[in-house]
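The values are calculated or read from the model by the stated rules, or taken from the named source; none is laboratory data. No experiment lies behind these values; they were computed from the predicted model shown. As a convention, Cβ positions derive from the backbone with ideal geometry for all residues, glycine included, and neighbour counts pool all protein chains shown. With ligands, DNA and RNA removed, areas are computed over all heavy atoms of the protein, side chains included. Shrake-Rupley method; radii C 1.70, N 1.55, O 1.52, S 1.80 Å.
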Amino acid sequence: MIRRQVTDPVFPQCPVRNVLSRIGDRWSLLTLLALHDADRPLRFNELCKAIPGVSQKMLASTLRDLEADDLLSRTAYPEIPPRVEYSLTDRGRSLMPLLNQLVEWSLSNMSEIIASRKHYAEIHAKECR
């Protein structure tokens, strides 16, 4: 299977754009936060339960992408039945303080953001009449 390379097509050498293109998708941030919050390795099904709304296909793809960037590690144990666990790497753990700040900022500002969106929609709805 060919892995898609996530880079910004206009600025392929820009580190900020390339990192954000990886962790800024719908599921990567939630996957990293779920692993961090668990504070222990998680199995695939545990991650599915910890991330409401993610499909198994999207979670599998997200895990591969995060593993490719060495933000998480996948450990397969030679047992029957097979056991696979995912955990944050040192690089993934080094990202968590920044992601936690983003979560805190989001929680602190979400009600005002929702109010601003509503106000904006009301103003622009009147303009369109």
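Among (1) at pLDDT below 95; (2) within 15 Å of the chain's Cα centre (by Cα), there is one condition Q101 misses while meeting the rest; what is its number?
Answer for Q101: the failing condition is (1).
Let me confirm something: among E46, E79, which residue is modelled with pLDDT of 95 or more, of a type in the set (D, E, K, R), more than 23 Å from L98 (Cβ to Cβ) and open to solvent by 30 Å² or more (accessible area, probe 1.4 Å)?
E46
Which condition does L99 not pass, out of (1) surrounded by 14 or more Cβ atoms within 10 Å (Cβ to Cβ); (2) without any contact (Cβ under 8 Å) to a residue 60 or more places away in the chain; (3) not in a strand (DSSP E or B); (4) not charged (D, E, K, R), if it passes all the others?
All conditions are met except number (2).
Could you check segment 112-129 and list, in sequence order, the residues that are within 29 Å of H36 (Cβ to Cβ) and open to solvent by 80 Å² or more (accessible area, probe 1.4 Å)?
Hits for segment 112-129 are E112, I114, R117.
Part of a helix (DSSP H, G or I), touching a Leu at 6+ places or on another chain (Cβ under 7 Å) and of a type outside the set (D, E) - does that describe any residue in segment 69-89?
no
Can you pull out every residue in segment 51-63 that is in a helix (DSSP H, G or I), over 18 Å from S94 (Cα atoms) and under 12 Å from the mean Cα position of the chain (by Cα)?
M58, L59, S61, T62 - these are the residues of segment 51-63 that are in a helix (DSSP H, G or I), over 18 Å from S94 (Cα atoms) and under 12 Å from the mean Cα position of the chain (by Cα).
Confirm whether T62 is farther than 16 Å from F44 by Cα, of a type in the set (V, I, T) and surrounded by 15 or more Cβ atoms within 10 Å (Cβ to Cβ).
no
Which of the residues belonging to segment 82-92 are touching a residue at least 12 places away in the same chain (Cβ under 8 Å) and either among the hydroxyl-bearing types (S, T, Y) or loosely packed, with under 15 Cβ neighbours inside 10 Å (or both)?
Listed by number, the residues that qualify are R83, V84, Y86, S87, T89, R91.
Within segment 27-34, does at least one residue satisfy the condition of being surrounded by fewer than 16 Cβ atoms within 10 Å (Cβ to Cβ) and not acidic (D, E)?
Residues of segment 27-34 that are surrounded by fewer than 16 Cβ atoms within 10 Å (Cβ to Cβ), as a first pass: none.
No, because not a single residue in segment 27-34 is surrounded by fewer than 16 Cβ atoms within 10 Å (Cβ to Cβ) and not acidic (D, E).
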